[in-house]
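These notes are about the structure you will find just below.
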Ligand code: ATP
Ligand code: MG
């Protein structure tokens with residue numbers, strides 16, 4: 001049977017999260033990625049470890065069937081590949097930054113300035129959209145030092161916490177795009193590989209849905225059950241079991257991670273007691 005081949009970043013900001021996602025999907029493979037190819041022992045999957053910039057090309061050429069990359073990589077070097085799923089990790093933004101002692105009130109003030117970046121295509125498209133004309137200095141790394149050594153007036157780079165900018169005397173002035181890890185695929189997969197990809201996607205959804213919810217158990221007086229059920233509709237509707245204590249019940253449901261604490265406050269006000277909140281490992285709707 002043919003194996004599905006997935007390309008992952010060998011080492012960097014995507015590697016660990018990508019491998020963790022596969023592990024959470026129940027895939028077992030040898031630890032450590034000192035080798036460039038590894039095979040899962042319990043799923044027909046082969047992992048190729050590559051530089052992230054090369055992954056779109058490998059997927060386009062069908063050396064790999066699918067791959068995990070940052071969205072920014074695909075925008076920088078567009079290829080004939082499909083984005084199959086947004087994965088929600090390795091989130092960052094691509095922003096313009098200037099020396100911190102300077103002011104920028106309008107993006108138009110950057111017109112004619114020299115900007116250093118490793119992402120010239122994204123930046124060029126942005127300038128084109130804004131009607132700006134700039135010279136772009138393309139650097140493959142250490143972009144943050146360009147203004148202090150006189151190579152550029154500003155930079156365009158990946159920002160996550162902003163600490164790298166600050167430690168290089170820069171400040172973020174304009175966000176051009178957000179980015180997160182995406183699963184990409186070759187658009188012409190054979191049927192047997194599509195079956196494997198769909199199996200993997202099913203598992204990814206189960207893992208990612210589980211992260212958005214917690215399992216909740218609570219006790220409540222029967223006359224409050226309707227109010228509480230409205231607060232916790234669950235996937236379909238909550239389970240309610242009678243307690244040994246007369247006129248009391250135990251209610252089991254799921255609670256969204258997003259407004260967890262506000263909902264807990266409201267549940268307590270409605271008379272809920274003995275609340276237990278547990279993590280969910282996998283969730284299949
Ligand atoms: P490679 O050696 O594979 O070419 P790289 O140095 O080009 O690696 P990384 O810095 O590991 O790339 O970043 C890989 C991807 O992770 C980026 O394209 C981006 O999508 C995302 N990323 C980069 N920096 C951060 C960050 N600080 N926080 C979160 N995600 C980030
Ligand atoms: Mg790279």
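Where a number appears in this text, it was derived from the coordinates with a stated rule and is not lab data. Computed from a predicted structure; not experimentally measured. Glycine gets a Cβ as well: all are built from the backbone with ideal geometry, and neighbour counts include every protein chain shown.
Listed from fewest to most Cβ neighbours within 10 Å, the set 175, 3 follows the order 175, 3.
When the alpha-carbon atoms of the chain are used, the pair Rg, Dmax equals 24.6, 78 angstrom. Between residue 125 and residue 259, the modelled labels are 3.5 nm apart [label points 7 Å from Cα along Cα→Cβ]. A helix-only calculation puts the chain at -7500 deg cm²/dmol for mean residue ellipticity at 222 nm, using -39500 (n - 2.57) for each DSSP H run of at least four residues, averaged over all residues. For the range 1-99, the ratio of Cα radius of gyration to the globular rule of thumb 2.2 N^0.38 Å stands at 1.12. Distances over 16 Å make up what percent of all Cα-Cα pairs in the range 43-88? So the portion of pairs separated by more than 16 Å is 34 percent. Subtracting the Cα-Cα distance of residue 285 and residue 192 from their residue separation scaled by 0.36 nm leaves 31.0 nm.
The stretch between residue 245 and residue 106, if pulled fully straight at 0.36 nm per residue, gains 43.4 nm over its current Cα-Cα span.
When each of the peptides 111-119, 237-245 is scored by how many other beta carbons lie within 10 Å of its residues on average, the order from highest to lowest is 111-119, 237-245. P(r) of the range 213-279 in 10 Å steps, Cα pairs, percent per bin? Spelled out per bin, shortest first, that is 23, 61, 15, 1. Only beta bridges with both residues in the range 92-178 are counted; by DSSP, about 65 percent of them are antiparallel.
If you find the alpha carbon centre of the range 1-32 and of the range 252-285, how far apart are they in angstrom? Computed from Cα coordinates, the inter-centre distance equals 32 Å.
Which of rounded, prolate or oblate describes the range 92-178 when judged by the alpha-carbon gyration tensor and an a/c cut-off of 1.5? Rounded. Each part reduced to its alpha carbon centroid, the range 72-111 and the range 180-230 end up 29 Å apart. Calculate how many DSSP beta bridges within the chain are antiparallel, expressed in % of all such bridges and rounded to the nearest 5. The antiparallel proportion sits near 75 percent.
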